Amino acid sequence: MRIAVVGAGALGLYYGSMLQKGGHEVCFLLRRDLDVIPKSGLSVFSINGDFKLFPVAGYGSSEEIGMVDLVLVGLKTFANQSYRQLITPLLKDNSIILTLQNGLGNEEALAEIFGSERIMGGVAFLCSNRGEPGVVHHLGAGRIILGEFARPHMDRAESVAAMFSMAGVPCQAVADLKKARWEKLIWNIPFNGTCALLQKPVNVLLSHQRTRCLLRDIMLELIEAANGQSLSNPIPLAYADEMLEFTDAMGPYKPSMQIDREEGRELELEAIFARPLDAARQKGIIMPRVDALHALLEESTSRS
């Protein structure tokens, strides 16, 4: 496939590099790496083995890339107002748009602009960080769960999942994309939120019994909210303990929201916090711990 990566941060660079290594033609829409990657290539330091790609097709505009088969969207959600500008020049009649962005509402926003038939959504359980320009660090995990936003048939999603799997990225196509989104939120909200607020990596929070219990309680609120969303199958309460054990293996990992706050960047509070809170309220479910964490993050990042 000919693939465009729109949002070439830690996620976009890692998955794009794996797809190129797997034999696909990948074009990266770049900003901070634009002066480095086209000249010197892309270095990936991975728990599964380091590698370097050269040459790498890096561009400063979507018009330079032209039409592709698949658009892989890894933008921060506060940049969603750029969808039309960045994605339109990449599309032909049968192009697929796959968003791996965090939170809720991204598929809906893309469908409103480009039509629901094109849109696929996915959640990435990936530990990766940016290095210096031209470098990405893959620290753990990496699997993707993806599904169709509106199409009733699974053949296309299964084909895209097979493409990732053949490129060395564990990937599964599922019929219930909404459930996959909430499963990721059950990790994203407590760990991104508390690590960003306290400026401590996941292992520090997990090593103290009271904060570990708090993280679990936040997850249990989210599981209740998720199960109120008409999922195909309920998420069991034991999923919270699975996620704690999953995170124990990450070591001193800093989630993306913690890094964004450390570097003074905007946080993805609308997609990751506000929309799930609103979805829960619409079903009559209140999440007091999630709401409090959201309020503290809003206040801590306020510029007033």
(message) For the chain, set up a GNM with springs between Cα atoms under 10 Å and report which of 284, 147, 60 has the largest fluctuation.
(response) 284
(request) Percent of Cα-Cα pairs per 5 Å bin, from 0 to the last occupied bin, for the stretch 175-294, please list those. (result) 2, 12, 23, 24, 20, 13, 6, 1
(request) Averaging sequence separations of C-alpha pairs under 8 Å and six or more residues apart, then dividing by the length of the chain, give the relative contact order as a whole percent. (result) 16 percent
(request) Calculate the radius of gyration of the Cα atoms of the stretch 59-122 to one decimal place, then report Dmax, the largest Cα-Cα distance, as a whole number, both in Å. (result) 10.9, 30
(request) Report Rg (one decimal) and Dmax (nearest whole number) for the stretch 118-195, counting Cα atoms only, units Å. (result) 14.1, 42
(message) If I histogram all Cα-Cα distances within the stretch 1-131 using bins 5 Å wide from 0, what percent of pairs lands in each bin?
(response) 2, 10, 22, 25, 21, 12, 6, 2, 0
(request) Could you go through the stretch 225-235 in sequence order and give the Karplus-derived ³J(HN,Hα) for each residue, using 6.51 cos²θ - 1.76 cosθ + 1.60 with θ = phi - 60°, rounded to whole Hz, and x for Gly and Pro? (result) 5, 4, 6, x, 9, 6, 6, 5, 9, x, 8
(message) Under 19 Å between alpha carbons, and skipping anything fewer than 8 positions from residue 179 in its own chain: which lysines qualify?
(response) 283
(message) Could you check the spin-label model distance between residue 242 and residue 159? Points 7 Å from the Cα along Cα→Cβ, value in nm.
(response) 3.0 nm
(request) Can you work out the accessible area per residue across the chain, with the rest of the protein chains kept in place, probe 1.4 Å, in square angstrom? (result) 44 Å²
(message) Which lysines, if any, have their Cα less than 19 Å from the Cα of residue 254, not counting same-chain residues under 8 positions apart?
(response) 76, 184, 200
(message) Among DSSP bridges having both ends in the stretch 1-99, what percentage is antiparallel? Round to the nearest 5.
(response) 15 percent
(request) Run the accessible area of the stretch 241-304 with a 1.4 Å probe and give the carbon-and-sulfur part as a rounded percent. (result) 46 percent
(request) Report Rg/Rh for the stretch 127-171, rounded to two decimals, where Rg is the Cα radius of gyration and Rh the Kirkwood radius. (result) 1.13
(request) Could you calculate the contour length gain from residue 94 to residue 210, that is, 0.36 nm times the residue separation minus the distance between their Cα atoms, to one decimal place in nm? (result) 36.6 nm
(request) For the stretch 119-236, give the percent of accessible area contributed by carbon and sulfur heavy atoms, probe 1.4 Å, rounded to a whole number. (result) 54 percent
(request) Report, for the chain, the % of DSSP beta bridges that are antiparallel, rounded to 5. (result) 35 percent
(request) Could you name the lysines whose alpha carbon sits less than 19 Å from that of residue 21, not counting residues in the same chain fewer than 8 places away? (result) 39, 52
(message) As a test of the definition: which semi-axes, in Å, follow for the stretch 34-94 when you take the square root of five times each eigenvalue of its alpha carbon gyration tensor? Largest first, please.
(response) 25, 15, 13
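The values are calculated or read from the model by the stated rules, or taken from the named source; none is laboratory data. Computed from a predicted model, the values in this text were never measured in an experiment. With ideal geometry, Cβ positions are generated from the backbone for all residues, glycine too; neighbour counts draw on all protein chains shown. Each accessible area value is taken on the protein alone, full model and side chains, heavy atoms only, with ligands, DNA and RNA left out. Shrake-Rupley method; radii C 1.70, N 1.55, O 1.52, S 1.80 Å.
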